[in-house]
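Following: one structure in structure tokens, then a few remarks.
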């Protein structure tokens, strides 16, 4: 049915069906339908057709919304909470209605097509000639598109006329308000793009040598890591939580603390990656693209099994770890684990300096293995490092062990 023929009642029915399909709870369904009904009454009152409703109209409505002072018998809610509820409900309504809208007319310009073609060529070059992983290519594609769009606004975006002054201006623009390490990352990606543009014949000279980057000394920073006692405490506190969220978070923390997995490797873990018969765990390393086969140890294995039995929602999705509330989806990326991990650290009254996310557990695992006299090669294999140099960075964290082998300062130097 076309959206122009939908009545307010039809819209509410479509929204209710969507909420039921995504298995939202009764209270959420009731609140969302009430918020949608109120908005549709408002739209009808001002003569706003359903077929023309877009995000700007919703935002204008929310800005003029008179919030409830009381929600019947429920405790008083803050205006911010009520407005957030309405915004979530109406954005979902728009997504449901979009499925019944006609396909939009494409307004792609010739310049947009050129940008897409250049980025596609760049991606093929990184994949076929450089052998870079998908996550690295995605990051560099984003920077490439940002550079091309900036260049178009600056002087029309003619790559053949690209000069050193353009490179300097872009680096200066991108360096505002960011750390040295971020500027270093930006310049590295820019050099890669400029090499490709020269390789593809889109620039007359290789301008990658004109990119000036800040100096970052090898191993100049100290990685953040949790103490062994902190890891044990947060695991113990999380294990006591027998809710579905608690079971899921405990299984994630078990993988982090035992294997030192990256957050992205956990969110990408699929049911087929666990070989229960052979007690093996297949890990796809997000940075290198390689796959490791690790023994499925008892603690993480039991934690995952407990979550699959009593905590994981019923779904056809193959990812192991899912959101605990509707809509039940897999985690979008590794960074989405930061919030639940930080919440578990806070509940255990642990406030470490530096990072408070999944990577702190990875560093802690590396330190524990170092203190157990495990070789760097074995640690690197477990963590999914290509080079021993990557693993050597964790030596800085074993401060107590380094003190034991430190040389005393000669007396002549002190005097």
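Once Rg and the Kirkwood radius are both taken over the C-alpha atoms of the chain, their ratio Rg/Rh works out to 1.03.
Using only C-alpha positions, report the orientation-averaged shadow area of the convex hull of segment 336-379, nm², one decimal.
Numbers: hull surface 15.2 nm².
Convex hull of Cα atoms, orientation-averaged projection: 3.8 nm².
Using only the Cα atoms of segment 110-210, build the gyration tensor, take square roots of its eigenvalues as a ≥ b ≥ c, and label the shape rounded, prolate or oblate: rounded if a/c is under 1.5, else prolate if a/b is larger than b/c, else oblate. The shape class here is rounded.
Average the reciprocal distances over every distinct pair of alpha-carbons in segment 228-403, invert the result, and give the Kirkwood radius in Å.
16.6 Å
A Förster distance of 45 Å, applied to the separation of the beta-carbon atoms of residue 309 and residue 98, puts the FRET efficiency at 0.75. Enclosing the Cα atoms of segment 136-294 in their convex hull gives a volume equal to 190 cubic angstrom per residue.
Quick check on packing: order 129-136, 375-382, 35-42 by the mean number of other C-beta atoms within 10 Å, highest mean leading.
Working: 129-136: 13.9, 375-382: 15.8, 35-42: 18.0.
My ranking of the peptides, most packed first, is 35-42, 375-382, 129-136.
Express in whole angstrom the spacing between the alpha-carbon centres of segment 264-298 and segment 173-195. Segment 264-298 and segment 173-195 have Cα centres separated by 33 Å. Taking a ≥ b ≥ c as the square roots of the eigenvalues of the Cα gyration tensor, segment 1-45 is oblate, since a/c reaches 1.5 or more and a/b is not larger than b/c.
A Förster distance of 22 Å, applied to the separation of the beta-carbon atoms of residue 62 and residue 7, puts the FRET efficiency at 0.45.
Find the Rg to Rh ratio for segment 252-331, where Rh is the Kirkwood radius over alpha-carbon pairs and Rg uses the same atoms.
Taking Rg over the Kirkwood Rh, I get 0.94.
Protection proxy ranking for 313-324, 175-186, using the average of other Cβ atoms within 10 Å per residue and placing the highest first: 313-324, 175-186. Our summary gives the chain a relative contact order of 14 percent, counting only alpha carbon pairs under 8 angstrom and 6 or more residues apart. Sorting the segments 248-255, 332-339 by their residues' average number of neighbouring beta-carbon atoms within 10 angstrom, most packed first, yields 248-255, 332-339. The helix-based estimate of mean residue ellipticity at 222 nm for the chain, built from -39,500 (n - 2.57) per DSSP H run of four or more residues and divided by its residue count, is -17000 deg cm²/dmol to the nearest 500.
Read-outs throughout are calculated quantities, based only on the coordinates presented, and are distinct from any laboratory measurement. These numbers were taken from a predicted model, which means no experiment stands behind them. Every residue, glycine among them, receives a Cβ derived from its backbone with ideal geometry; neighbour counts consider all protein chains shown.
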